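Here the structure is laid out as structure tokens; the discussion comes afterwards.
The values are calculated or read from the model by the stated rules, or taken from the named source; none is laboratory data. For clarity, every value in this text was computed on a predicted model and none was experimentally measured. As a convention, Cβ positions derive from the backbone with ideal geometry for all residues, glycine included, and neighbour counts pool all protein chains shown.
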Amino acid sequence: MKILGSDFRKGFCKIKVDNMDDLWVLSQIIEPKDLVKARTLRKIKLGQEGDRKSNVVKKPVTLMIEVEKVEFHKYSNSLRVSGIITEGPDDIPHGSHHTIDVNENTTLTINKEKWLGFQIDKVKDAASDKTSQVLICVMDRDEACFALVKKYGYDYLSELQGDVQKKEMDSKPAKGDFYTQVISVLKEYVERYNIEVIVIASPAFWKEDLMKVMKQKYSDLVPKVIISTCNATGKNGINEVLKRPEISSALKQERVIKETALVEELLVEISKNNLAVYGLEQTKSAAESGAIKNLLITDKLIQELRKKEEYEKLDSIMKLVDQSGGDIVIISEEHDAGKKLQGLGGIGGILRYKINY
């Protein structure tokens, strides 16, 4: 996502969509009553009214709509923003309905009466070039290189040359001490950069041999590892791995790890009958008291309330938490932690202090 211009105090932000993950973010940000402006296709009837030979064509136009409905279809990676036209060419009637299909490379302007803190953070985070907590290791029989994944590209960290005799056949496994050296570097980077996911790639079977040593001596790293493949080594190998689906999986896993930790903290506090609330009513009461430190909401609850036209219930809670300086986190219902939160009504809060009802 690229921010092309913004003045959040005046309610304005212009965005260019870079990838499909941006669509998920926008589905959580765009709300009913927002004004969204974008280049879109509109059906136009050519010919006189009542003329049987008149044709209907799709014409590219720039329209602004007042949002009524937002639909994100995760399986088809599409975002549809529907509402009433408030601004556009003279030949398109204002007040009529229209749906803007938001895809990769779509540029749109979002105007809100008030941007909440978590919405601004989500936009800035999606637009940032910050380093993630995903580490890539590309290796073969006697070389390994390491890189940190960034939103667009990577930071190249280091190379490691193993003490393996060149006259040995390429099919012969590398020495065990070389694998130990590679794992030692991985462990150092995990601690230094707080790495959540390690992607290990190689041609042939080198990665499998490395994993055997890791399972024997460094089993604590194993849950962080995702195995990938590549034909090249060095920077060419890293560029190759960045295009692999495993990287998308790793970045999603990184997000899942953070979301899971928050949901598990909520569940622990619920089990202790301590610093937690869940369900719309309890959470609303806690928000009114300014007691919520972390507000957790599933994306499924957002969609459900929008369909029922009851989104204002949730919107009021989020505004209260935002005003009291709490963090708002949207939890994906695709993973187990999201499903657990959905089982609690799709909403819960980790509290600053205990509330007695």
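Overview of values
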| item | result |
| --- | --- |
| First in the stretch 1-12 and farther than 11 Å from K124 by Cα, second anywhere and in a loop (DSSP other than H, G, I, E, B), Cβ under 8 Å, 6 or more apart | F8/W115; G11/K112; G11/E113; G11/K114; G11/W115 |
| Of all residues in the stretch 218-241 being in a strand (DSSP E or B) and of a type in the set (S, T, N, Q), the one that is surrounded by the fewest Cβ atoms within 10 Å (Cβ to Cβ) | T229 |
| Some residue of the stretch 242-253 being within 24 Å of S158 (Cα to Cα) and not in a helix (DSSP H, G or I) | yes |
| Number of the condition not met by V256 [criteria: (1) modelled with pLDDT of 90 or more; (2) outside any loop (DSSP other than H, G, I, E, B)] | (1) |
| Which listed residue is over 15 Å from V61 (Cβ atoms), outside any loop (DSSP other than H, G, I, E, B) and either modelled with pLDDT of 95 or more or out of contact with any helix residue (DSSP H, G or I) (no Cβ under 7 Å at 6 or more places or on another chain) (or both), from I85, I110 | I110 |
| The stretch 134-163 - residue that is closer than 21 Å to D21 by Cα, out of contact with any Ser or Thr (no Cβ under 6 Å at 6 or more places or on another chain) and at pLDDT 85 or above and, of those, surrounded by the fewest Cβ atoms within 10 Å (Cβ to Cβ) | V134 |
